[in-house]
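The values are calculated or read from the model by the stated rules, or taken from the named source; none is laboratory data. Predicted, not measured: the structure shown is a model, and the values here were computed from it. Every residue, glycine as well, gets a Cβ built from its backbone with ideal geometry; the counts of neighbours run over all protein chains shown.
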Amino acid sequence: MNSTDKNDTLKAVLFDVDGTLADTEKDGHRPAFNAAFEEFNLSWHWDVPLYGELLQVTGGKERIRFYMEKYQSDALDRNDLDAWIVGLHKAKTRHFKALMERGEIPLRPGIKRLIHELRDRNIRIAIATTTTPENVTYLLQSTLGDDATGLFEVIGAGDIVPQKKPAPDIYFWVLDRLQLKPAQCIAIEDSENGLQAARAAGLTTLITVNHYTLQQNFTGAAAVLSDLGEPDQGFTAISNLPEAFDKSWVNAGALMQLLNH
C-alpha cells in the first residue's frame, strides 16, 4: 500500500468469528461434530490433531466432505450424499447451539472490551466469517446478550458468497455493504486462511493465534499476537509488532497505529 492509499481514520473493524471471537473450534465445533457423528450412529471421531488438519478446509459441510473423501471413502457411495451431509451438519449445529446455551464457550481476552470501545467511539464493526449465520447468532447472544447481533452493522456469514476463505469473497461482500474502502478498515483474524482472505481483499490484518493456528504462516500480517489482551493482563507479541506500539492490549488507538504503520 502506498502513502496515497492510506486514510488516517479507522472507519470499521471486521471480525472473524471461530477462533477469533472465541475458541469455538476446540471447545465448541469439534465436540459438536463428534456428538453429531454419534447421533448418526457413525464410528467417526475427530480428535484434536485430526481436527487441526481438517481446519485447513473452511466451512463445516466442506470439512465433512473432505474428511469422507480422505478417510471414509466408502461412505461417499450414497445417492443422497449432499442432502445427508447437510443433515449431519444441521445436527452438528444443534449440538453447537446447546454448548453455547450452557455458556461453555467464553469470548477470548479483550474481545468484549474492544467491541464496546469501538461502539463508543463510533467506529463501525462487522463480521466476516465462513461459519453459519446461526452459529454467529448463538455465540454472540450467549456471550454478549440477546441483542448482541445488533452491535454489528453488517454480518457476513455462511454461504452468502460463492467461495469461502481463503478466497476474499466474504470480505468484498462486507466492504460493499459498509460502502468503505479496504484502506479505511482493519480485519482481525486467527488463521492463515483468514489472513489470505483479508489480504486478498486489501485489508490490513491483525492476527490473534489460538491452539490450532499458532504454527501457521502469517506473512503479511500487520501483527501477530496471542490475543487482544486486557489492561491487567497484556498480550504476548509473537511477530511484526511495530516498535511504536505503546500498549500491551489492543484498543482503538492501537488499531489505528497498525492501520497506518
Inset, instruction - Return the only residue of Asp232, Asp227 being of a type in the set (D, E, K, R), in contact with a strand residue (DSSP E or B) (Cβ under 7 Å, 6 or more places away or on another chain) and either within 23 Å of His116 (Cα to Cα) or in the same structural domain as Ile115 (by TED's automatic domain parsing) (or both). - result: Asp227
Legend entry - Pairs with Cβ under 7 Å, 6+ apart, first in segment 227-248 and modelled with pLDDT under 95, second of a type outside the set (A, V, I, L, M) and outside any loop (DSSP other than H, G, I, E, B): Pro242/Gln257; Ala244/Gln257; Phe245/Gln257
Legend entry - Flag for Ile207 being assigned to a strand (DSSP E or B) and either over 17 Å from the mean Cα position of the chain (by Cα) or among the small types (Gly, Ala, Ser) (or both): no
Inset, instruction - Would you please list the contacts, defined by Cβ atoms under 8 Å and residues six or more apart or on different chains, that run from a residue in segment 131-146 that is at pLDDT below 90 to a residue that is acidic (Asp, Glu) and buried (at least 19 other Cβ atoms within 10 Å of the Cβ)? - result: Thr131/Asp18; Asn135/Asp18
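For segment 8-53, give me the residue count where each residue is closer than 15 Å to Ile85 by Cα and touching an Asp or Glu at 6+ places or on another chain (Cβ under 8 Å).
First, pick out the residues of segment 8-53 that are closer than 15 Å to Ile85 by Cα: 32-42, 44.
Keeping just the survivors that are touching an Asp or Glu at 6+ places or on another chain (Cβ under 8 Å) gives none.
Here the count works out to 0.
Can you pull out every residue in segment 32-48 that is in a helix (DSSP H, G or I) and surrounded by fewer than 18 Cβ atoms within 10 Å (Cβ to Cβ)? Write out each step before concluding.
The initial filter retains those residues of segment 32-48 that are in a helix (DSSP H, G or I), namely 32-39, 48.
Listed by number, the residues that qualify are Ala35, Glu38, Glu39, Val48.
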Inset, instruction - For segment 70-89, name all the residues that are in contact (Cβ under 8 Å) with a residue 24 or more places away in the chain and assigned to a loop (DSSP other than H, G, I, E, B). - result: Gln72
Inset, instruction - Look at Thr219 and say whether it is of a type outside the set (D, E, K, R), in a loop (DSSP other than H, G, I, E, B) and crowded, with 23+ Cβ neighbours inside 10 Å. - result: no
Inset, instruction - Quick one: in segment 162-193, of everything that is in a loop (DSSP other than H, G, I, E, B), under 16 Å from the mean Cα position of the chain (by Cα) and not basic (Lys, Arg), which residue is surrounded by the fewest Cβ atoms within 10 Å (Cβ to Cβ)? - result: Gln163
Legend entry - Filtered residue count, segment 114-124, keeping only those that are surrounded by fewer than 16 Cβ atoms within 10 Å (Cβ to Cβ) and assigned to a loop (DSSP other than H, G, I, E, B): 2
Inset, instruction - For segment 129-136, state whether one or more residues are in a loop (DSSP other than H, G, I, E, B) and over 19 Å from Gly28 (Cα atoms). - result: no
Inset, instruction - Please work out which residue is farthest from Thr132 (Cα to Cα), limiting yourself to segment 38-69 and to residues that are touching a residue at least 24 places away in the same chain (Cβ under 8 Å) and aromatic (Phe, Trp, Tyr). - result: Trp44
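Does any residue of segment 49-68 turn out to be small (Gly, Ala, Ser), in a loop (DSSP other than H, G, I, E, B) and not assigned by TED's automatic domain parsing to the domain that holds Thr137? It would help to see each step written out before you state the result.
Here is the first cut: in segment 49-68, the ones small (Gly, Ala, Ser) are 52, 59-60.
When the remaining residues are screened for being in a loop (DSSP other than H, G, I, E, B), the result is 59.
Within this subset, residues satisfying the condition of being not assigned by TED's automatic domain parsing to the domain that holds Thr137 are 59.
Yes; the residues of segment 49-68 include at least one that is small (Gly, Ala, Ser), in a loop (DSSP other than H, G, I, E, B) and not assigned by TED's automatic domain parsing to the domain that holds Thr137.
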Inset, instruction - Confirm whether Asp246 is in contact with a Ser or Thr (Cβ under 6 Å, 6 or more places away or on another chain) and of a type in the set (D, E, K, R). - result: no
Inset, instruction - Quick one: in segment 94-109, of everything that is at pLDDT 85 or above and in a loop (DSSP other than H, G, I, E, B), which residue is farthest from the chain's Cα centre (by Cα)? - result: Arg102
Inset, instruction - Quick one: which residue in Ile127, Ile111 is in contact with a Gly (Cβ under 8 Å, 6 or more places away or on another chain), crowded, with 20+ Cβ neighbours inside 10 Å and in the same structural domain as Trp249 (by TED's automatic domain parsing)? - result: Ile127
